[in-house]
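Take a look at the structure below.
The values are calculated or read from the model by the stated rules, or taken from the named source; none is laboratory data. What you see is a predicted model, and the numbers here were worked out from it, not measured in a lab. Note: ideal-geometry Cβ built from the backbone for every residue, glycine included; neighbour counts use all protein chains shown.
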Amino acid sequence: MTRPALAVATHRLGLATLAATGVLILLGGLVTNTGAGLAVPEGSFLTRFSSLWMPGGQTTVVFLPVAHRLMGSLMLGAAVALAVRVADKP
């Protein structure tokens, strides 16, 4: 890629990382305010529930922490990609 194209790609990756961080903060607030923080213990989602659909209002309580963890993983990947991209710049 040329230098201007690389700068545009880096800028877009930075904006995507910023947006992912905002969504992560929003999901974290929802998890905290709904009391869903300990709804799914670490590593027991597949062994605790036999399907993704829970009866009644449990779907939201289980979905929020899982979505928060997934968004955290995606944000971490975007941040690492941005750091590698910026470190490679001359």
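Please work out if T10 is at pLDDT 65 or above, among the polar types (S, T, N, Q) and surrounded by 12 or more Cβ atoms within 10 Å (Cβ to Cβ).
In short, yes.
Hey, can you tell me all the residues within region 26-65 that are modelled with pLDDT of 85 or more and surrounded by 11 or more Cβ atoms within 10 Å (Cβ to Cβ)?
L26, L27, G28, G29, L30, V31, T32
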